[in-house]
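Undergrad: Pasting a structure here, questions to come.
The values are calculated or read from the model by the stated rules, or taken from the named source; none is laboratory data. Computed from a prediction, not measured in an experiment: that's the story for all the values here. Because the Cβ atoms are built from the backbone with ideal geometry, glycine has one as well, and the counts that use them run over all protein chains shown. With ligands, DNA and RNA removed, areas are computed over all heavy atoms of the protein, side chains included. Shrake-Rupley method; radii C 1.70, N 1.55, O 1.52, S 1.80 Å.
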Amino acid sequence: MTKHIITITRDEDFLKRLSQYREPDEHDRSNAYTYSVECTVSGGCGGWQECGKPHEVDGVDASDGPWETPCSCAYVEADHHSIPWCGEEEFEFHGVLHEWRWGYGWTVPYTGCIIRDYPPELPDGIDTERDGRWLVDDDWDDTDCYLVLVRELGESDE
């Protein structure tokens, strides 16, 4: 897990657009927010992303992954694979090491901070009705990333 900082601010652009139709009330102001994510890892914490390039070896399509592509080893008892990625969760395609993830297919490492660039849902416990800063951890499972609230940051944390 790596630490990230979530900053909540009022969405003044939205409130300005709303004021063209009616005067925003306190309810509008408390619910109109935007947020940004700051990564605490220099250069970004990485992550993974789907690879949109074709995946094949010697003309055989690998897009169905390491277990669904027909392989001769499924029909014989010897450990002879007719396709090189058979049963392998990691395999190198087009010069890049890929990892197979159910629901996503072949994925590649992400450069930068995927949490900042593609933020997941805000974690429970962050008060979006006021401006503030919160420290969160990222928690990855096999297919998704979740943010977990650590604590609210005060002025002494600046």
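Undergrad: Just to be sure, is C86 under 23 Å from I5 (Cβ atoms) and open to solvent by less than 40 Å² (accessible area, probe 1.4 Å)?
TA: no
Undergrad: Filter the range 103-123 down to the residues that are within 26 Å of Y33 (Cβ to Cβ) and of a type in the set (A, V, I, L, M, F, W, C), then identify the one that is farthest from the chain's Cα centre (by Cα).
TA: Only one residue tops the list, namely L122.
Undergrad: For V136, are the conditions met, namely being open to solvent by 20 Å² or more (accessible area, probe 1.4 Å), more than 26 Å from G95 (Cα to Cα) and either part of a loop (DSSP other than H, G, I, E, B) or modelled with pLDDT of 90 or more (or both)?
TA: no
Undergrad: Given the conditions (1) open to solvent by less than 70 Å² (accessible area, probe 1.4 Å); (2) over 30 Å from T128 (Cβ atoms); (3) modelled with pLDDT of 85 or more, and given that C73 satisfies all but one, which numbered condition is not satisfied?
TA: (3)
Undergrad: May I pose another question? For the range 95-104, enumerate the residues that are surrounded by 15 or more Cβ atoms within 10 Å (Cβ to Cβ) and out of contact with any Gly (no Cβ under 7 Å at 6 or more places or on another chain).
TA: Matches in the range 95-104: H98, E99, R101, Y104.
Undergrad: Among all residue pairs at least 6 apart or on different chains, which show Cβ distances below 9 Å where the first residue, located in the range 117-135, is within 15 Å of V150 (Cβ to Cβ) and the second is of a type in the set (G, A, S) and surrounded by 15 or more Cβ atoms within 10 Å (Cβ to Cβ)?
TA: Matching pairs, first to second residue: I126/G132.
Undergrad: Looking at (1) touching an Asp or Glu at 6+ places or on another chain (Cβ under 9 Å); (2) assigned to a loop (DSSP other than H, G, I, E, B); (3) surrounded by 15 or more Cβ atoms within 10 Å (Cβ to Cβ), can you tell me which one G125 breaks?
TA: Going through (1) touching an Asp or Glu at 6+ places or on another chain (Cβ under 9 Å); (2) assigned to a loop (DSSP other than H, G, I, E, B); (3) surrounded by 15 or more Cβ atoms within 10 Å (Cβ to Cβ) one by one, G125 breaks only (3).
Undergrad: Those residues that are under 16 Å from I8 (Cα atoms) and surrounded by 15 or more Cβ atoms within 10 Å (Cβ to Cβ), I need them from the range 139-158; list them, please.
TA: Those that are under 16 Å from I8 (Cα atoms) and surrounded by 15 or more Cβ atoms within 10 Å (Cβ to Cβ): L147, L149, V150, L153.
Undergrad: Within the range 26-42, count every residue that is modelled with pLDDT of 90 or more and out of contact with any His (no Cβ under 7 Å at 6 or more places or on another chain).
TA: 7
Undergrad: While we're here: Does W100 satisfy the criteria of being under 19 Å from the mean Cα position of the chain (by Cα), more than 27 Å from L122 (Cβ to Cβ), outside any loop (DSSP other than H, G, I, E, B) and at pLDDT below 95?
TA: Considered against the rule, which asks whether it is under 19 Å from the mean Cα position of the chain (by Cα), more than 27 Å from L122 (Cβ to Cβ), outside any loop (DSSP other than H, G, I, E, B) and at pLDDT below 95, W100 comes out as yes.
Undergrad: Note down all Cβ pairs under 7 Å where the first residue falls in the range 88-101 and is farther than 17 Å from D64 by Cβ, the second is among the acidic types (D, E), and they're at least six residues apart or on different chains.
TA: What qualifies is L97/E90.
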